[in-house]
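**Q** The structure's right below; bear with me while I get my questions together.
The values are calculated or read from the model by the stated rules, or taken from the named source; none is laboratory data. A quick note: this is a predicted structure, and the numbers were derived from the prediction, not measured. Backbone-built Cβ (ideal geometry, glycine too); neighbour counts: all protein chains shown. Just so you know, the surface numbers come from the protein's heavy atoms only, side chains and all, with ligands and any DNA or RNA stripped out. Shrake-Rupley method; radii C 1.70, N 1.55, O 1.52, S 1.80 Å.
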Amino acid sequence: METPLVEVKNLKKYFPKKKGLLGGNKSYVKAVDDVSFTIRKGETLGLVGESGCGKSTTGRMLMKLLDPTEGQILFEGQDITGLSDNQIRTIRKEFQMVFQDPYASLNPRMKVGEIIEEPLIVHGYPKEKRQERVLHLLEVVGLSAYHADRYPHEFSGGQRQRVGIARALAVNPKLIIADEPVSALDVSIQSQILNLLKDLQEEFELTYLFIAHDLSVVEHISDRVGVMYLGKIVELTDKETLYKEPLHPYTKALLSAVPIPNPRLKRERILLKGDIPSPSNPPSGCTFHTRCPFATEECSKKVPKLKEIAKGHFVSCHLY
Amino acid sequence: MAEKLLEIKNLQTHFKSDRGVVKAVDDVTITVNKGETVGVVGESGCGKSVTSLSVMRLLKDTPGKIVGGTIEFEGKDLAHLSEKEMRLIRGNDIAMIFQEPMTSLNPVYKIGRQIEEAVMLHLKYDKKQAREHAIKMLKLVGIPRAEEIVDEFPYQLSGGMRQRVMIAMAMACNPKLLIADEPTTALDVTIQAQILDLMRNLSKERGTSIMMITHDLGVVAEMCDRVVVMYAGKVVEEADVFTIFENPKHPYTEGLLNSVPKLGQKIKRLESIPGNVPTPGNMPQGCKFAPRCGKVMDICTKQDPELKMIDKDHTCRCWLYQESGVLEV
């Protein structure tokens, strides 16, 4: 079998909370707690979940912007978790990130041309070809050459996101981690960016890790989808199966909660009780048992494992 | 025929700035009948929030001013009431829920006190009655341990709980009209489902009319009876919810509907509207949507179309459905 582009094994990230008065009682926020998945070459893996489920932390660890507490990240078979900062810098050319907030992720004092050029400088792209490359990238993402001399504030949200994408593409990465790339955008602009991401994927054979909270967007763009809840992946499968035969009670509730733009559709809605528990003090056993309509006694005691129920369909629930 | 509760007619709210006048709301006509939920949809900057702030007369501390039109509510024109008269209506007959439950609650007052304030003012309850009423309202919106929560501060609650408190506060004086400005945008989907369910039940039980401002077409489809679509400060189309989703006439409405990905729908590409929403300082001539419209004609770039009745209870602002030859030279 072909080695997957990315393989994540038992990844954990615990953030230490403020220590007690006497330095004792150290407690942790378990932002990501034992997450494993693979991303194949050329596919789009979607990570979906509500706020605080650890989807962004997972993306940041993959980028090596955060060091994992435990676990391994293999990039093309090579373990990158133990690499030094210098080694990482050379390999980071292979994976780039697109951020949520196009207003905050572009330096307001740099011209758009300089912003796109920066990764080229960092990764030693020949000086005489840089300008040409920048103009080409602007064109690729649907902007024009004259935009290079403008500052980010002169652009609309959608155009800024295009600049962010151009910057990510600059060094010809294999993997792009997109963390909520369209959630700050208006509906009509959102679809432009989603289409652009799809076109670029085809043109440059890109692999995406697409992190978002909007199920309809994730379903549209992804090949496979992982559903996260409180630091864990509760279900992972291809998007058709996830939509047609969701198995985990949380996935079912999440799917039924999404408002669908069709007024004739009358659905049986699964309303979950209560709020999402805090990741600093997650429930015992299965973290979902406090809100789960099917919870049994076993669920509050034993942590379920992510098991392969059918081919390529992973679920972490005691029901299966 | 349904009884009218609120009738906004040709409302114009303009903002003065150094660079000239920004016509944030420019000719908006919306009617809300008794017991009805009306959705106002549009993208950022289309003027939907300014419309609601105009109805509530909350523009006092901004450079914004209502410069034209009327806002009729139970025989009174809200656009021309004095601040004193408006105070009797605001929070009493018309209440509002905002998008950010954290920033719209006062962080230094206990939950109970914030609900009691309006109740004591409008319903003339004494302190004890007001407190009981506050607890009753908290229970009504599904807050557990209402007797304890009433003495807690907003920061102690989660986002969904805060939004429930906002709803409790808004519904405390049993308003006839509830204006909800993006009430669930800041919430997670499963919490959004809870809040929408709550709003639907409350409006049914109490006969409250809702004006629901949102950009989420899914929320509109689930909640609303009628839909008003806005673009660049104007109403471009209005019809009942089924007509809007099944037989939209304005190219913008159509484009908007096609650009949303829908669950379970297998399409390779989304349709999208090219270009960007025009900025207030850079409004195109003629129809404001013309530069992005796929069906643009000569006249569109020259003259602004009017909002015309094209079918029973279906209005649309587009030259496609208006008699040509009205171009005045």
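**Q** Might you check whether a residue that is aromatic (Phe, Trp, Tyr) and either without any contact (Cβ under 8 Å) to a residue 24 or more places away in the chain or more than 11 Å from every other protein chain (Cβ to nearest Cβ) (or both) occurs anywhere in region A:242-251? Please lay out each step first, then the result.
**A** Let us first name the residues in region A:242-251 that are aromatic (Phe, Trp, Tyr), namely A:243, A:250.
Now drop any that are not either without any contact (Cβ under 8 Å) to a residue 24 or more places away in the chain or more than 11 Å from every other protein chain (Cβ to nearest Cβ) (or both), which leaves none.
No, region A:242-251 contains no residue that is aromatic (Phe, Trp, Tyr) and either without any contact (Cβ under 8 Å) to a residue 24 or more places away in the chain or more than 11 Å from every other protein chain (Cβ to nearest Cβ) (or both).
**Q** Looking at (1) more than 12 Å from chain B (Cβ to nearest Cβ); (2) at pLDDT 95 or above, which is the one condition that is false for A:Cys286?
**A** Result: A:Cys286 passes all but (2).
**Q** Can you find, within region B:254-286, the residue that is surrounded by the most Cβ atoms within 10 Å (Cβ to Cβ) among those that are facing chain A (nearest Cβ under 7 Å) and closer than 30 Å to B:Val21 by Cβ?
**A** Step by step, filter region B:254-286, then rank; the result is B:Leu256.
**Q** Considering region A:240-281 alone, what residues qualify as being closer than 13 Å to A:Val227 by Cβ, open to solvent by less than 40 Å² (accessible area, probe 1.4 Å) and part of a helix (DSSP H, G or I)?
**A** Across region A:240-281, the qualifying residues are A:Thr241, A:Leu242, A:Pro249, A:Tyr250, A:Thr251, A:Ala253, A:Leu254, A:Leu255, A:Ala257.
**Q** Somewhere in region A:100-107, is a residue in contact (Cβ under 8 Å) with a residue 24 or more places away in the chain and either touching a strand residue (DSSP E or B) at 6+ places or on another chain (Cβ under 8 Å) or in a helix (DSSP H, G or I) (or both)? Walk me through it before giving the result.
**A** Just the residues of region A:100-107 that are in contact (Cβ under 8 Å) with a residue 24 or more places away in the chain, to begin with: A:100-103, A:105-107.
If we keep only those that are either touching a strand residue (DSSP E or B) at 6+ places or on another chain (Cβ under 8 Å) or in a helix (DSSP H, G or I) (or both) as well, we get A:100.
Yes, region A:100-107 contains a residue that is in contact (Cβ under 8 Å) with a residue 24 or more places away in the chain and either touching a strand residue (DSSP E or B) at 6+ places or on another chain (Cβ under 8 Å) or in a helix (DSSP H, G or I) (or both).
**Q** Which of the residues belonging to region B:192-212 are open to solvent by less than 10 Å² (accessible area, probe 1.4 Å) and facing chain A (nearest Cβ under 7 Å)?
**A** B:Ala193
**Q** Give the residues of region A:282-320 that are in a loop (DSSP other than H, G, I, E, B), in contact (Cβ under 8 Å) with a residue 40 or more places away in the chain and open to solvent by 50 Å² or more (accessible area, probe 1.4 Å), sorted by residue number.
**A** A:Pro293, A:Phe294, A:Leu306, A:Leu319, A:Tyr320
**Q** Would region A:202-219 turn up any residue that is part of a helix (DSSP H, G or I), more than 10 Å from chain B (Cβ to nearest Cβ) and not charged (D, E, K, R)? Even if it seems obvious, please write down each step before you answer.
**A** Within region A:202-219, the subset part of a helix (DSSP H, G or I) is A:202-204, A:215-219.
Subsequent filtering for residues that are more than 10 Å from chain B (Cβ to nearest Cβ) retains A:202-204.
Pick out the ones that are also not charged (D, E, K, R) and you get A:204.
Yes - at least one qualifying residue is present in region A:202-219.
**Q** Could you count how many residues in region B:237-254 are more than 12 Å from A:Pro263 (Cα to Cα), free of Cβ contacts under 8 Å to residues at least 24 places away in the same chain and in a helix (DSSP H, G or I)? Walk me through how you get there before you give the answer.
**A** Of the residues in region B:237-254, the ones more than 12 Å from A:Pro263 (Cα to Cα) are B:237-239, B:247-254.
Add one more test, that the residue is free of Cβ contacts under 8 Å to residues at least 24 places away in the same chain, and what stays is B:247-248, B:254.
Restricting the remaining residues to those that are in a helix (DSSP H, G or I) gives B:254.
The number of residues fulfilling the criteria is 1.
**Q** When the residues of region B:287-302 are filtered to those that are outside any loop (DSSP other than H, G, I, E, B) and over 25 Å from A:Phe155 (Cα atoms), which remaining residue is farthest from the other protein chains (Cβ to nearest Cβ)?
**A** To start, the set of residues in region B:287-302 that are outside any loop (DSSP other than H, G, I, E, B) comprises B:290-292, B:299-301.
Remaining after also requiring over 25 Å from A:Phe155 (Cα atoms): B:299-300.
On the way: B:Ile299: 23, B:Cys300: 18 Å.
Top of the filtered list is B:Ile299.
**Q** Further question: Could you grab the pairs with beta carbons closer than 9 Å, sequence gap of 6+ or different chains, first residue in region B:42-55 and over 16 Å from B:Asp27 (Cβ atoms) and charged (D, E, K, R), second one open to solvent by less than 20 Å² (accessible area, probe 1.4 Å) and part of a helix (DSSP H, G or I)?
**A** B:Glu43/A:Val187; B:Glu43/A:Ser188; B:Glu43/A:Ile189; B:Glu43/B:Leu256
**Q** To continue, here is another question. Might you let me know whether region B:170-178 holds any residue that is under 17 Å from the mean Cα position of the chain (by Cα), closer than 17 Å to B:Pro101 by Cβ, within 11 Å of another protein chain (Cβ to nearest Cβ) and not charged (D, E, K, R)? Even if it seems obvious, please write down each step before you answer.
**A** Narrowing region B:170-178 to residues under 17 Å from the mean Cα position of the chain (by Cα): B:170-171, B:175-178.
Imposing the further condition that a residue be closer than 17 Å to B:Pro101 by Cβ reduces the set to B:170-171, B:178.
Next, from what is left, pick out any that are within 11 Å of another protein chain (Cβ to nearest Cβ): none.
Within region B:170-178, not a single residue is under 17 Å from the mean Cα position of the chain (by Cα), closer than 17 Å to B:Pro101 by Cβ, within 11 Å of another protein chain (Cβ to nearest Cβ) and not charged (D, E, K, R).
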